[in-house]
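First comes the structure, then the notes that go with it.
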Amino acid sequence: MELRVLKYFLAIAREQGITRAADVLHITQPTLSRQIAELEEELGVQLFDRSGRRIRLTDEGILFRRRAMEILDLVERTREEVSEQDERIEGTVSIGCGVLRAFQDLAEIIGRFRETHPLVHFQIHTGNADDVQQRIDQGLLDLALFIEPVAAEPYNYVRFPGKELYGVMLPADSPLAEKSAVTVDDLAGLPLILPSRLNVHSEVMNWFQRAKQPLDIPFTSNLSTNAAMLVVHHLAVAIIALGSQPYADPARIALRPLAPELSETAILAWRRQQPQSRAVKRFIAFAQEEIPKLAPGDGK
């Protein structure tokens with residue numbers, strides 16, 4: 001399987017047609033069709049559904065597209081890393097993260113780093129913790145910003161000062177928005193959206209052990225942005241890391257901390273014994289020096 005054929009496959013998937021893809025690639029249609037047919041024969045699966053006016057990916061094709069994109073991304077990153085010149089630091093640092101308060105601190109660190117290393121490019125991948133962990137374990141990310149608890153044994157890491165404070169996201173017109181903090185009793189009987197990540201879900205459920213009546217949990221969500229839409233439509237209230245909504249519209253959404261406090265910490269992690277480019281090594285060293293100097297945040 002050649003990289004060239006992977007690029008051909010992705011062009012067809014993007015253009016949804018052999019003819020258009022051949023024009024973009026500047027090759028003949030018969031050549032392109034033959035290459036894809038040989039690829040499908042090599043894989044033993046059909047990658048495209050050719051029954052309609054536009055060809056579409058099969059389920060196997062959708063999976064293969066994701067893997068092809070990952071392979072080509074790794075190749076490009078490797079090409080950048082091995083071609084770095086001795087006299088300057090350049091290349092790409094890829095970081096995976098959820099939407100956390102600690103990312104505001106990380107953005108400050110990145111800004112200071114680029115003042116002295118302007119040729120370093122940062123690739124930010126936003127996803128839930130499971131997605132980010134899978135990508136860093138596969139070598140698709142250099143670093144990951146995790147909220148604890150996380151199984152940190154495979155990683156080296158530096159911990160951010162301050163807290164990731166949990167709270168409740170409410171419609172702005174909710175009576176609870178008048179309170180400075182929200183208790184278990186305040187949430188009694190209300191439909192809830194809880195974090196779907198297993199470790200965090202368990203921490204939240206432990207906090208709810210104080211509840212005197214059964215919980216109503218019609219929703220779970222892995223990112224607070226979609227949870228916010230359910231809240232705005234008065235379908236439920238959400239338990240979230242407050243730092244995941246730094247720009248919430250106060251006319252539509254209210255954020256209140258939980259009482260008693262529920263909080264965790266965040267870490268910037270990288271895999272042990274994983275080969276790293278000079279750009280990544282330099283950024284890790286910089287982050288290890290600068291993150292402990294940050295003023296502790298309050299999680300909001």
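The values are calculated or read from the model by the stated rules, or taken from the named source; none is laboratory data. All values reported here derive from a predicted model rather than from experimental measurement. Reconstructed Cβ throughout: ideal geometry from the backbone, glycine too, with neighbour counts over all protein chains shown. Note: areas computed on protein heavy atoms with side chains; ligands, DNA, RNA excluded. Shrake-Rupley method; radii C 1.70, N 1.55, O 1.52, S 1.80 Å.
At 222 nm, what helix-only mean residue ellipticity would the chain give, in deg cm²/dmol to the nearest 500, using -39500 (n - 2.57) for each DSSP H run of four or more? Mind showing how you got there, number by number?
Values: 9 runs with 116 residues, N = 300.
Computed ellipticity for the chain at 222 nm equals -12000 deg cm²/dmol.
Report, in debye and to the nearest 20, how large the dipole of the stretch 1-136 comes out about its Cα centre when Lys and Arg carry +1 and Asp and Glu carry -1 on their Cβ. If you can, show how the numbers build up before the last one.
On the way: 19 positive and 24 negative charges, 130 e Å.
Using only the charged Cβ atoms, the result is roughly 620 debye.
Run the numbers on the chain and let me know its relative contact order in percent, using alpha-carbon pairs under 8 Å that are six or more apart. Mind dumping the intermediate values first?
Working: 484 pairs, mean separation 68.9, N = 300.
Relative contact order comes out at 23 percent.
Name the residue farthest towards the positive end of the dipole of the chain from the options Gly189, Pro171, Leu25, assuming +1 on Cβ of Lys and Arg, -1 on Cβ of Asp and Glu, about the Cα centre.
Leu25
If you compute Rg and Dmax of the Cα atoms in Å for the structure shown, which of (i) 18.5, 53; (ii) 23.5, 71; (iii) 18.6, 61 do you land on?
Recomputing Rg and Dmax of the Cα atoms in Å here gives the entry labelled (ii).
Using only alpha carbon pairs under 8 Å that are at least six residues apart, calculate the relative contact order of the stretch 171-300 and give it in whole percent. The partial results should precede the final answer.
Working: 123 pairs, mean separation 40.9, N = 130.
Reported relative contact order: 31 percent.
Which residues does the label zone of Leu190 cover in the stretch 146-184, counting backbone N under 19 Å from a point 7 Å along Cα→Cβ?
Hits in the stretch 146-184 for Leu190 at 19 Å: 165-184.
Need one word for the stretch 130-239: rounded, prolate or oblate. Basis is the Cα gyration tensor (sqrt eigenvalues a ≥ b ≥ c); a/c below 1.5 gives rounded, then a/b vs b/c decides.
On the way: a/c = 2.20, a/b = 1.96, b/c = 1.12.
In terms of gyration-tensor shape, prolate.
What's the local net charge at Ala188, with K and R +1, D and E -1, over the other residues with C-beta under 13 Å away? It would help to have the intermediate numbers written out before the result.
On the way: positive: Arg210, Lys212; negative: Asp185, Asp186, Asp216.
Spelling it out: positives minus negatives among the neighbours equals -1.
Once phi is turned into θ = phi - 60°, what whole-Hz ³J(HN,Hα) does the Karplus curve with 6.51, -1.76 and 1.60 give for every residue of the stretch 157-163, x standing for Gly and Pro?
The phi angles translate into 7, 10, 8, 6, x, x, 10 Hz.
Describe numerically, in nm with one decimal, the distance between label points set 7 Å from Cα along Cα→Cβ at Glu261 and at Gln123.
3.8 nm
Can you give the charge dipole size of the chain about its Cα centre, rounded to the nearest 20 debye, using +1 on the beta carbon of Lys and Arg and -1 on the beta carbon of Asp and Glu?
Details: 34 positive and 41 negative charges, 72 e Å.
For the chain, the charge dipole is close to 340 debye.
Does the stretch 28-174 come out rounded, prolate or oblate by the C-alpha gyration tensor, with a ≥ b ≥ c the root eigenvalues, rounded set by a/c under 1.5 and, if not, prolate when a/b is larger than b/c and oblate if not? Intermediate values should be presented prior to the final figure.
Numbers: a/c = 2.52, a/b = 1.52, b/c = 1.66.
In terms of gyration-tensor shape, oblate.
Any lysines with Cα under 29 Å of the Lys179 Cα? List them, leaving off those in the same chain fewer than 8 positions away.
Once the sequence-local lysines are set aside, what remains near Lys179 is Lys163, Lys212, Lys300.
Run the numbers for Thr58 and Leu10: contour at 0.36 nm per residue of separation, minus the present Cα-Cα distance, in nm.
Computed gain between Thr58 and Leu10 is 15.9 nm.
Give, in nm to one decimal, the length gained when the segment between Thr31 and Arg272 is fully stretched (0.36 nm per residue of separation minus the Cα-Cα distance). Walk me through the intermediate numbers first.
Working: separation 241, 0.36 × 241 = 86.76 nm, distance 4.45 nm.
Net length gain for the segment: 82.3 nm.
Can you give the extra length, in nm with one decimal, that the chain gains between Gln213 and Ala172 once fully stretched, where that is 0.36 nm per residue apart less the Cα-Cα distance?
Working: separation 41, 0.36 × 41 = 14.76 nm, distance 2.53 nm.
Full extension of this stretch gives 12.2 nm more.
Percent relative contact order of the stretch 1-159, based on C-alpha pairs within less than 8 angstrom and at least six residues apart?
Details: 148 pairs, mean separation 27.1, N = 159.
Taking the mean separation of contacting Cα pairs over the length of the stretch 1-159, I get 17 percent.
How far is the Cα center of the stretch 196-228 from the Cα center of the stretch 1-56, in Å?
45 Å
If you take the charge dipole of the stretch 1-130 about its Cα centre, with +1 on Lys and Arg Cβ and -1 on Asp and Glu Cβ, which of Gly52, Met69, His117 is farthest toward its positive end?
The residue sitting farthest along the positive end of the dipole is Gly52.
Between Ala251 and Glu108, what is the label-to-label distance in nm when each label sits 7 Å out along the Cα-to-Cβ direction?
3.0 nm
Nearest-5 percent of antiparallel DSSP beta bridges in the stretch 43-149? Before the final figure, lay out the partial values.
Details: 2 of 12 bridges.
Within the stretch 43-149, antiparallel bridges account for around 15 percent of the total.
Leaving out ligands, DNA and RNA, what percent of the accessible area of the stretch 203-300 is carbon and sulfur, probe 1.4 Å? Don't skip to the answer; put the middle values down first.
Details: 2760 of 5400 Å².
On the stretch 203-300, the fraction of accessible area on carbon and sulfur atoms equals 51 percent.
Taking the Cα centre of the stretch 15-62 as origin, work out the dipole magnitude from +1 charges on Lys and Arg Cβ and -1 charges on Asp and Glu Cβ, in debye rounded to 20.
On the way: 6 positive and 9 negative charges, 71 e Å.
Roughly 340 debye, rounded to the nearest 20.
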